[in-house]
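Novice: This is the structure, below, for whatever I ask next.
The numbers here are math on the coordinates, done by the rules we state, and not lab data. Since the structure is predicted, the reported quantities are computational estimates derived from the model, not experimental observations. As a convention, Cβ positions derive from the backbone with ideal geometry for all residues, glycine included, and neighbour counts pool all protein chains shown.
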Amino acid sequence: MSAFQQPDPRDRPARLTVGVVGAGRVGPALAASLQLAGHRPVAVSGVSDASRRRAAQLLPDVPLVPPAEVLRRAELVLLTVPDDSLPGLVTGLAETGAVRPGQLLVHTSGRYGAKVLDPALRAGGLPLALHPAMTFTGTAVDVQRLAGCPFGVTAPDELRLAAEALVIEMGGEPEWIAEDMRPLYHAALALGANHLVTLVAQSMELLREAGVAAPDRMLGPLLGAALDNALRSGDAALTGPVARGDAGTVAAHVTELRKHAPQAVSGYLAMARATADRALAHGLLKPELAEDLLGVLANGTDGAEGEAR
């Protein structure tokens, strides 16, 4: 069966009751995808009004209860809380006796592997780290987007098959990440996805400032092509004034950003330096052009404004 196909629930007799601790954007969507595979959501915990609305939309008729009650009712528990809250939550649940022997405990943190669940493991729980490498909206569209979504998976060897099966049932594709590599794995994803959102938002703001009526329509084709080229070709896809060594153009950019968006200058300079380093390393930026460019990047507009005019 392809990872893109949802299994027929009638062909999968070992169905589990599912609980969600933390009804943020991720938990209800994963529980809804497991429901499509034939599992049965039975309990959700959530505090904020937004989390309650998400649970009502994606898991209608599933009761909202305290976290300990979620564990009492469910055989498979999704711990979908913020990274910094996860260790304390796991310790608290284990110390209060909420964890049952044989209970599957799944967290969705990218930062942590399975060891963060050690308190639950000592109580007899079965630990799985299943991190969907996708951004979530908190709406039903997330369930559809899980089709083909890679999951960063870390689990004890004896639970490998269980972890893979759950990911595939959610429509995803398992990618095994070693326990000690989880922080690096998560940093890589944050660098690419989270910072991309910041860059795009800043770019749209600057285009509006420049008088562009529909920045999203202008950026869409450009960014789509840039992303596709980068995924296909890596550093060979680098283009623009930094990769070409156009020091005067870069200086002009910095000057305009200081006037109109000073909060964007440091980010522009940092990304331009990283781009220059990669372009040099891969032979795209000629060494004879790099000196002036790196001087602009080191000093802002000092000594380069004359070239820009």
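Novice: Going through segment 261-280 one residue at a time, which ones are without any contact (Cβ under 8 Å) to a residue 12 or more places away in the chain and either farther than 16 Å from PRO241 by Cα or surrounded by 13 or more Cβ atoms within 10 Å (Cβ to Cβ) (or both)?
Specialist: Result: PRO262, GLN263, SER266, ASP277, LEU280.
Novice: Taking strands (runs of 3 or more DSSP E) that do not extend beyond segment 93-188, which have at least 3 residues that are in contact with an Asp or Glu (Cβ under 7 Å, 6 or more places away or on another chain) and surrounded by 15 or more Cβ atoms within 10 Å (Cβ to Cβ)?
Specialist: Correct list: 150-154.
Novice: So which residues in segment 43-52 are exposed (fewer than 14 other Cβ atoms within 10 Å of the Cβ) and free of Cβ contacts under 8 Å to residues at least 40 places away in the same chain, if there are any at all?
Specialist: Answer for segment 43-52, where residues must be exposed (fewer than 14 other Cβ atoms within 10 Å of the Cβ) and free of Cβ contacts under 8 Å to residues at least 40 places away in the same chain: VAL47, SER48, ASP49.
Novice: Quick one: would you say ARG258 is surrounded by fewer than 15 Cβ atoms within 10 Å (Cβ to Cβ) and touching a residue at least 24 places away in the same chain (Cβ under 8 Å)?
Specialist: yes
Novice: Taking the condition of being surrounded by 15 or more Cβ atoms within 10 Å (Cβ to Cβ) and either of a type outside the set (Val, Ile, Thr) or in a helix (DSSP H, G or I) (or both), how many residues in segment 53-71 meet it?
Specialist: Within segment 53-71, residues that are surrounded by 15 or more Cβ atoms within 10 Å (Cβ to Cβ) and either of a type outside the set (Val, Ile, Thr) or in a helix (DSSP H, G or I) (or both) number 11.
Novice: With the requirement that a residue be in contact with a helix residue (DSSP H, G or I) (Cβ under 6 Å, 6 or more places away or on another chain) and either buried (at least 17 other Cβ atoms within 10 Å of the Cβ) or outside any helix (DSSP H, G or I) (or both), what does segment 233-247 give you?
Specialist: LEU238, PRO241, VAL242, ALA243, GLY245, ALA247
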